[in-house]
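These notes are about the structure you will find just below.
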Amino acid sequence: MRGDAPGCRCDLAGLVHVAAGSSPASRRWQGLTAVPRVAVLVDLPLVPAAGGHVKCWERFAEAAVAAPGELDLTVFFLGERPETRELAPHVRYRLLPARLGTRDLRLESGAGHTDLAGWHPRLARELAG
């Protein structure tokens with residue numbers, strides 16, 4: 001299953017293969033029935049004017065929606081406040097505010113604002129849970 005955005009080739013089968021270390025059929029043959037859980041951190045805001053990096057992960061998520069049972073995908077983006085946008089029961093965007101955002105520091109950024117903090121406690125808790 002593929003989706004294309006400028007500068008991005010999104011291949012869900014490749015993402016599942018990387019996440020699980022094998023194909024879905026191979027996982028079944030090995031007796032592994034759990035769906036791989038994949039969390040991706042895109043350290044940029046999810047906004048309509050976002051560039052290719054954000055758009056690429058949006059396309060991966062859209063492809064994953066059409067493939068229930070292949071993986072459980074959470075894509076983390078920067079947001080003004082904590083928010084979950086569920087695309088399907090197994091695919092979601094999770095928005096978290098930056099700890100030390102370039103927007104808050106009034107730094108100009110041609111590529112999009114990001115988080116300069118080296119540690120995000122809330123993200124760490126969510127990934128551990």
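Quick note: the coordinates plus some simple rules give every number you see, no bench work behind them. Since the model is a prediction, treat every value here as computed from it, not as a measurement. Please note: Cβ atoms are built from the backbone with ideal geometry, for glycine as well, and neighbour counts cover all protein chains shown.
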Would you tally the residues in region 76-100 being surrounded by 15 or more Cβ atoms within 10 Å (Cβ to Cβ), closer than 17 Å to Ala124 by Cβ and not small (Gly, Ala, Ser)?
8
What number of residues within region 32-42 are under 13 Å from Phe77 (Cβ atoms) and surrounded by fewer than 18 Cβ atoms within 10 Å (Cβ to Cβ)?
3
Can you pull out the residues in region 75-95 that are touching a Lys or Arg at 6+ places or on another chain (Cβ under 8 Å) and over 23 Å from Ala63 (Cα atoms)?
Pro82
